[in-house]
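Encoded as structure tokens, the structure appears first; notes follow it.
The values are calculated or read from the model by the stated rules, or taken from the named source; none is laboratory data. All of these numbers come straight from a predicted model, not from anything done at the bench. No Cβ is skipped: glycine too gets one built from the backbone with ideal geometry, and neighbour counts run over all protein chains shown.
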Amino acid sequence: MRGHRTRPVSGDGAEAGGPAHRRHRVVVVRRDAPGQPHPGVGGEGPAGAHIATTAVERADDRSVIVVDNQGRTDVSCWGGILSLGAARRGVRGVVADGVCRDVEEAREPAFPVFARGSVPATARGRPQQRSTGEPVTVAGLTVEQLREGRSTLDLYDFTSPGR
Ligand SMILES: O=C([O-])CC(=O)C(=O)O
Ligand SMILES: [Mg+2]
């Protein structure tokens with residue numbers, strides 16, 4: 001991701017991965033392209049939840065949240081309230097293919113935010129969240145959320161010991 005201009009905006013970058021022995025899962029958020037408002041999937045459209053709040057609700061201390069805002073830099077896709085909510089749930093960090101705001105509000109909970117930079121412009125009333133939990137392509141990489149009961153070994157077709 002660094003090679004694609006995503007950089008640590010808040011927190012110690014080394015913290016985002018956490019201890020190597022822990023199994024992390026990824027909660028992914030996909031946003032619509034600029035100028036293409038989406039009617040919403042599963043109640044997450046214009047009348048639905050604010051950006052990434054569903055991801056925060058679904059995440060826990062094994063989670064890294066990935067936000068696909070298609071590299072958009074004119075409006076944020078992550079902010080201080082989201083950082084606070086995610087930090088309280090123990091989320092390990094967020095990687096946003098876009099920009100964030102309220103960077104200083106992520107510092108106090110020491111919540112790691114990786115983004116393309118920061119911008120003051122709120123996401124409120126701007127592009128709408130399309131879905132949570134569906135695969136996304138971020139900086140050329142497809143990121144898929146692990147389903148309950150699956151481990152990273154399954155992604156490589158390895159069999160977990162004892163199965
Ligand atoms: O509206 C936004 O861009 C998000 C925001 O400020 C926050 O989560 O605090
Ligand atoms: Mg804010």
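Taking the criterion of being over 20 Å from Arg58 (Cα atoms) and surrounded by fewer than 18 Cβ atoms within 10 Å (Cβ to Cβ), the residues of the stretch 120-136 that qualify are Pro120, Ala121, Thr122, Arg124, Gly125, Arg126. In this structure, Val66 does not qualify as in a strand (DSSP E or B), at pLDDT 95 or above and within 24 Å of Pro8 (Cβ to Cβ). Inside the stretch 66-95, residues that are within 16 Å of ligand 2 (Cβ to nearest atom) and either among the β-branched types (Val, Ile, Thr) or on the phi > 0 side of the Ramachandran plot (or both) make up a count of 4. Out of all the residues in the stretch 129-139, is one or more within 19 Å of Arg7 (Cβ to Cβ), in contact with a strand residue (DSSP E or B) (Cβ under 6 Å, 6 or more places away or on another chain), of a type in the set (Ser, Thr, Tyr) and more than 9 Å from ligand 1 (Cβ to nearest atom)? Scanning the stretch 129-139 turns up no residue that is within 19 Å of Arg7 (Cβ to Cβ), in contact with a strand residue (DSSP E or B) (Cβ under 6 Å, 6 or more places away or on another chain), of a type in the set (Ser, Thr, Tyr) and more than 9 Å from ligand 1 (Cβ to nearest atom).
Yes/no matrix, rows are residues, columns are (1) away from ligand 2 (no atom under 13 Å from the Cβ); (2) of a type in the set (D, E, K, R):
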site: Gly98; (1), (2): yes, no
site: Glu104; (1), (2): no, yes
site: Phe114; (1), (2): yes, no
site: Gly117; (1), (2): yes, no
site: Thr132; (1), (2): yes, no
site: Val138; (1), (2): yes, no
site: Leu141; (1), (2): yes, no
site: Glu144; (1), (2): yes, yes
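Tell me yes or no: at least one residue of the stretch 76-83 is touching an Asp or Glu at 6+ places or on another chain (Cβ under 8 Å), closer than 24 Å to Arg147 by Cα and more than 10 Å from ligand 1 (Cβ to nearest atom). No: the stretch 76-83 contains no residue that is touching an Asp or Glu at 6+ places or on another chain (Cβ under 8 Å), closer than 24 Å to Arg147 by Cα and more than 10 Å from ligand 1 (Cβ to nearest atom). The conditions of being at negative phi, in a loop (DSSP other than H, G, I, E, B) and among the charged types (D, E, K, R) are met by Arg124. Does any residue of the stretch 10-32 turn out to be in a strand (DSSP E or B), within 16 Å of ligand 2 (Cβ to nearest atom), crowded, with 19+ Cβ neighbours inside 10 Å and at pLDDT 50 or above? The answer is yes; a qualifying residue exists.
Among the criteria (1) within 14 Å of Ala55 (Cβ to Cβ); (2) within 11 Å of ligand 1 (Cβ to nearest atom), the one Ala121 does not fulfil is (1).
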